[in-house]
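Values in this text are rule-based calculations from the coordinates and carry no lab data. As the structure is a prediction and not an experimental result, all values here were calculated from the model. Glycine also receives a Cβ, built like all others from the backbone with ideal geometry; neighbour counts cover every protein chain displayed.
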Amino acid sequence: AAGVTACGELTKETTGKIVTSAAPLPEPFGVPLPIPQVARPVSQEGGVDRFEVEQRKAAVEILPGLQTTVWGYDGTFPGPTFIAQGGRTALVTVRNSLPVPTSTHLHGGVTPPDSDGYPTDLVLPVGSDPDAPESNWTPDTAHGMHVAPEDWTLHAGEKTYEYPLRQRAATLWYHDHRMDFSAPQVWRGLAGFFLVRDEEEQGLPLPQGERDIPLMICDRAFEEDGSFRYPSLDPSLSGEPGVESDYHSGVLGDVQLVNGAPWPVLDVTTTRYRFRLLNASNARRYQLTLEADGRRVGPIVQIGSDVGLLERPVSHDTITMAPAERFDVVVDFSQFPVDTRVNLVNTLEDGAMRQVMQFRVARRAQDDSSVPDRLLAEPVRVARSQSVRERTFDFRLTNEGGHEMWTVNGRPFSTGDSWANPRLDTVELWRFSSDFHHPVHLHLAHFQVISRNGEAPEPTDAGWKDTVDVRPYEVVEVLARFAGHKGRYMMHCHNLEHEDMAMMANFHVE
Ligand code: C2O
Ligand code: CU
């Protein structure tokens with residue numbers, strides 16, 4: 001029937017299919033919210049901060065009383081939070097002690113092409129020989145995507161990524177980007193925060209220190225023994241790629257994690273808090289609202305979007321977040337009496353997945369923070385008249401000879417192909433259309449949303465972004481600035497199952 005495919009029914013609501021856990025699940029709000037550890041630089045000299053991180057397995061307790069083997073940066077999930085200063089260069093050496101190749105992408109970073117975490121730019125496991133790689137690490141096709149043999153770049157054991165952070169204060173994140181396997185590898189834990197700070201932001205009276213908290217929101221499912229359950233064709237993930245075909249629309253879990261803990265609770269004081277919300281789920285969208293005593297409370301005051309502070313704060317009752325989007329928000333708990341429980345809920349789902357986490361107002365405290373009406377002294381604006389060129393990209397399921405693929409303009413990803421060649425230091429108008437929920441992400445280029453279906457953008461579209469939630473049968477227009485570096489970059493759907501199923505496209509900045 002029309003609209004029904006092996007990937008399930010394409011409806012406004014669906015973003016994937018739920019994997020049900022076999023493990024016993026805890027009651028919500030029994031586990032304290034973990035705060036990811038901060039990565040310490042190994043040196044800081046002459047404008048360069050060096051970091052080292054090791055990708056490795058570790059057994060951690062996610063569900064009470066059970067052990068989960070994560071694949072984590074430094075063995076943690078989320079990985080350590082990198083904090084770097086805009087204008088300085090961060091060099092991050094990633095050592096791969098996992099049994100599979102990896103590629104690390106700094107999402108939202110303005111990074112040189114060879115440090116961008118391109119899907120075929122792989123760090124092989126420590127001890128493996130790049131000249132005699134396991135043949136199944138570099139297939140020439142998978143999921144219908146084509147990779148010429150010379151398009152694989154293989155690093156033995158480690159790679160140093162260079163991030164010259166010529167960008168404003170922002171909540172970036174990093175995660176695995178291996179060709180065909182980003183979804184299962186991120187599911188196992190390969191994701192963390194990367195915060196860029198700058199003097200302008202530090203001069204603002206916003207909540208700081210222990211009241212500036214990153215919240216990585218993602219769903220997972222678990223086997224009876226506590227291991228992650230992912231409907232992968234090959235559990236070893238080294239050979240036959242992919243996800244079971246029932247899950248091609250996206251994998252949803254039935255356990256809600258925040259910073260790696262199920263339905264956690266955070267004790268707060270009667271003050272303002274800054275929360276850096278990140279939707280790190282493979283496929284799940286959220287409509288986030290605050291509730292106390294069964295009633296909606298708020299507001300959630302947005303101060304920043306994906307790649308930096310807004311010009312002015314925007315108040316929301318609810319925030320819709322597609323995978324990879326970030327919302328930097330402030331919540332003022334001074335409006336609540338001590339002992340109030342304020343729940344962060346997801347109104348897109350019912351049952352167990354309605355709850356995300358809880359804030360427990362534990363005690364009174366003084367607050368000297370505030371949210372100024374102007375957050376940026378010199379905001380960078382962009383206007384339609386600056387666009388030198390318009391391009392349209394259609395994100396759609398196509399069927400070629402019975403083989404279904406997620407494609408961009410009807411073509412599956414191929415490393416040698418180009419979908420666009422914008423010129424350095426120009427602005428272009430890019431139009432995205434879609435048949436499903438496709439969170440469209442551009443590497444390198446930051447953009448502003450200027451319309452949805454010919455109408456004005458929505459309040460949650462404000463600011464400079466790198467990912468936009470394109471909903472079924474919508475047309476979204478953005479103005480993108482191509483700045484910083486020339487070279488090969490990509491855009492793709494950030495539903496990670498779609499990404500692994502070929503919904504990626506190269507663009508070359510010339
Ligand atoms: Cu967060 Cu190319 O992705
Ligand atoms: Cu998609």
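Listed by chain and number, the aspartates and glutamates whose C-alpha is less than 15 Å from the C-alpha of K17, apart from same-chain residues fewer than 8 away, are E9, D219, E244, D246, D254, E349, D350, E497.
Counting only helical runs of four or more DSSP H residues, what would the 222 nm mean residue ellipticity of the chain come to if each run contributes -39,500 (n - 2.57) and the total is spread over all its residues?
The helix contribution divided over the chain gives -500 deg cm²/dmol.
Each residue of segment 423-437 was assigned a 3J(HN,Hα) from its phi angle through the Karplus curve 6.51 cos²θ - 1.76 cosθ + 1.60 (θ = phi - 60°); the sequence is 8, 4, 6, 10, 10, 10, 9, 10, 10, 10, 10, 7, 10, 7, 7 Hz, with glycine and proline shown as x. Ordering Y473, Y273 from the fewest to the most neighbouring beta carbons within 10 Å gives Y473, Y273. For D212, the residues whose amide H sits under 5 Å from its own are R274, ignoring neighbours fewer than 5 places away on the same chain, with H placed 1.01 Å from N.
Among E200, E224, a tally of other beta-carbon atoms within 10 Å of each Cβ gives an order, fewest to most, of E224, E200.
Per-residue counts of other Cβ atoms within 10 Å, averaged by peptide: what ranking do you get for 299-305, 435-441, highest first?
Details: 299-305: 22.3, 435-441: 25.9.
Put in order of decreasing packing, that is 435-441, 299-305.
Among beta bridges identified by DSSP and lying wholly in the chain, the antiparallel ones come to about 75 percent. The string of couplings for segment 40-57 from the Karplus curve (6.51, -1.76, 1.60, θ = phi - 60°) is 9, x, 7, 7, 9, 9, x, x, 10, 10, 9, 10, 10, 9, 10, 7, 8, 7 Hz, one whole number per residue in order, with x for Gly and Pro.
For R423, R168, what ranking results if the residue with the fewest other Cβ atoms within 10 Å of its Cβ goes first?
The most exposed by this proxy come first: R423, R168.
Summary of the geometry: segment 157-234 and segment 463-510, compared by the centres of their Cα atoms, lie 18 Å apart. Figure legend: label point modelled 7 angstrom from the Cα of R360 along Cα→Cβ; residues of segment 323-346 with amide N under 14 Å from it are 338-343.
Each Cα pair under 8 Å and six or more residues apart adds its sequence gap; the mean of these over the residue count of the chain is a relative contact order of 16 percent.
For segment 286-295, the Karplus equation 6.51 cos²θ - 1.76 cosθ + 1.60, evaluated at θ = phi - 60°, returns couplings of 10, 10, 9, 9, 9, 10, 9, 6, x, 10 Hz by residue, with Gly and Pro reported as x.
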